[in-house]
1. Can you list the equivalent-ellipsoid semi-axes of the chain, largest first and in whole Å, using the square root of 5 times each Cα gyration tensor eigenvalue?
2. Kindly report, to the nearest 10 Å², the accessible surface of I6 as traced by a 1.4 Å probe over protein heavy atoms only.
3. If I compute solvent accessible area with a 1.4 Å probe over the protein chains, what percent of it on the chain is carbon and sulfur?
4. Could you tell me the calculated FRET efficiency between Y45 and V23, based on Cβ-Cβ distance and R0 = 25 angstrom, to the nearest 0.05?
5. Roughly what angle does helix 23-47 make with the longest principal axis of the chain, taking Cα atoms, 0 to 90 degrees, to the nearest 10?
6. If you roll a 1.4 Å probe over the heavy atoms of the protein chains, what accessible area per residue do you get for the chain, in Å²?
7. With +1 on the Cβ of every Lys and Arg and -1 on the Cβ of every Asp and Glu, and nothing else charged, how large is the dipole of the chain about its Cα centre, in debye rounded to the nearest 20?
8. Just going by the charge dipole of the chain, with Lys and Arg at +1 and Asp and Glu at -1 on Cβ, which of M21, A38, M9 is farthest out on the positive end?
Amino acid sequence: MISMRIFRMVCSYILVMVLDMGVLGVWIGMFVDWYARAGAYLARYLSGRWKKHRMI
């Protein structure tokens, strides 16, 4: 939820209100959020930290 607030909402606000891109700005903001999350998940996967947690 934090990444959505940071990337999707802030980026969309800037693109729509400041740059006057309209609905296209909202879509671009959504894709920026998705790519940022994918990058964070990929970084965690490649670091191997997820292997240290045990399942019950």
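The values are calculated or read from the model by the stated rules, or taken from the named source; none is laboratory data. Because the structure is predicted, anything quoted here is derived from the model rather than measured. For neighbour counting, all protein chains shown are included, and Cβ atoms are generated from backbone atoms with ideal geometry for every residue, glycine included. We work out accessible area using only protein heavy atoms, side chains counted, and drop any ligands, DNA or RNA first. Shrake-Rupley method; radii C 1.70, N 1.55, O 1.52, S 1.80 Å.
1. 32, 10, 7
2. Roughly 90 Å² of I6 is accessible to a 1.4 Å probe.
3. On the way: 3610 of 5060 Å².
For the chain, the apolar C and S fraction of the accessible surface comes to 71 percent.
4. Numbers: r = 33 Å, r/R0 = 1.32.
It comes out at approximately 0.15.
5. Long axis of 23-47 versus the principal axis of the chain: about 20 degrees.
6. Counting only protein heavy atoms, the per-residue value for the chain is 90 Å².
7. The calculated dipole for the chain is roughly 620 debye.
8. Of M21, A38, M9, it is A38.
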